[in-house]
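These notes concern the structure reproduced below.
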Amino acid sequence: MVYQTISDLLPLRQHMHIIGNISLLSQHDSGNMDRIQITPSQCRGARGMVGISRKDLADKASIAERTLTDFEREARAPNKSTLFSLQAALESLGIEFLDGDGVRLRKAAGEP
C-alpha cells in the first residue's frame, strides 16, 4: 500500500497507540517513518496557520502537552513515534510539509 502523507497512517498510529506496539508500523510500511521531517519551527508555524493551541494539538496527536512545548522550544527531541504523531495530526488539519523547513496549507482541488 502506498501512502501520500503521514496522516494517511493516522488510523494505524491510533491503533498502535492503543496496543502500544510501534513495531507494527515498521512491519506494515517501514518507509513512512523515514518520511518524518517535522522541525520545531515547522510545528510552531503550522500550529499558527491552522489556529490550534498546544493543548489541542497535543490531544489530537495523543502526546503530552509538555512534550509538545519542549519540542517547540527546542528543549528536547521527542522520539520518532511522537514526531510521527505530530506530523500526522497537523497533516490531518490541512498542513503540507515542504522540503527544508517550510510548511503551507494544502491547496484545495483545482487551485493553481
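A few remarks follow.
- Karplus-based coupling profile of the range 81-89, in residue order and whole Hz: 5, 5, 4, 4, 5, 4, 5, 5, 4, with θ = phi - 60° in 6.51 cos²θ - 1.76 cosθ + 1.60 and x standing for Gly or Pro.
- Relative packing of 84-91, 59-66, 71-78, which averages over residues the other C-beta atoms within 10 Å, highest first: 84-91, 59-66, 71-78
- Panel note: the C-alpha atoms of the range 36-112, placed on their principal axes, show extents of 39, 24, 19 Å (largest first).
No lab work stands behind these numbers, since they all come straight from the coordinates. All values reported here derive from a predicted model rather than from experimental measurement. Virtual Cβ from ideal backbone geometry, glycine too; neighbours counted across all protein chains shown.
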